[in-house]
1. Go through (1) touching a helix residue (DSSP H, G or I) at 6+ places or on another chain (Cβ under 6 Å); (2) more than 24 Å from residue 128 (Cα to Cα) one by one and return the number of the condition residue 80 breaks.
2. How do the helices (runs of 4 or more DSSP H) wholly within segment 1-116 filter down when requiring 3 or more residues that are touching a strand residue (DSSP E or B) at 6+ places or on another chain (Cβ under 8 Å) and at pLDDT below 90: which remain?
């Protein structure tokens, strides 16, 4: 991959969240930890949709997806997550200049919906029954 495409422009980590409303509908009130296969299957479906409708769309902000490598792992609490290397049509400099790559928490006033999603899905909140309330 490196000899063909060079270094990837994007490294993305995606994590399953048992509080996704669609997943809660699938469970129909059942306990998520008692249904790990449903969680993994739903996560794979969401990843496939992300690839098909976002990463592979030529008009997307990162440019056309040239190549993708994924690695799926399970956290200590049992939730699936994936690490992805993406080779895209735009350079890292272009992605930085247009604000596509960032590590900031979005501004709650200027980008309230994005702020809400980051705080809900990307910021870890310990649950005593899952991670012992540590960290």
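1. The one condition residue 80 does not meet is (2).
2. 36-50
The values are calculated or read from the model by the stated rules, or taken from the named source; none is laboratory data. Computed from a predicted model, the values in this text were never measured in an experiment. Here Cβ is always computed from backbone atoms with ideal geometry, including for glycine, and neighbour counts include all displayed protein chains.
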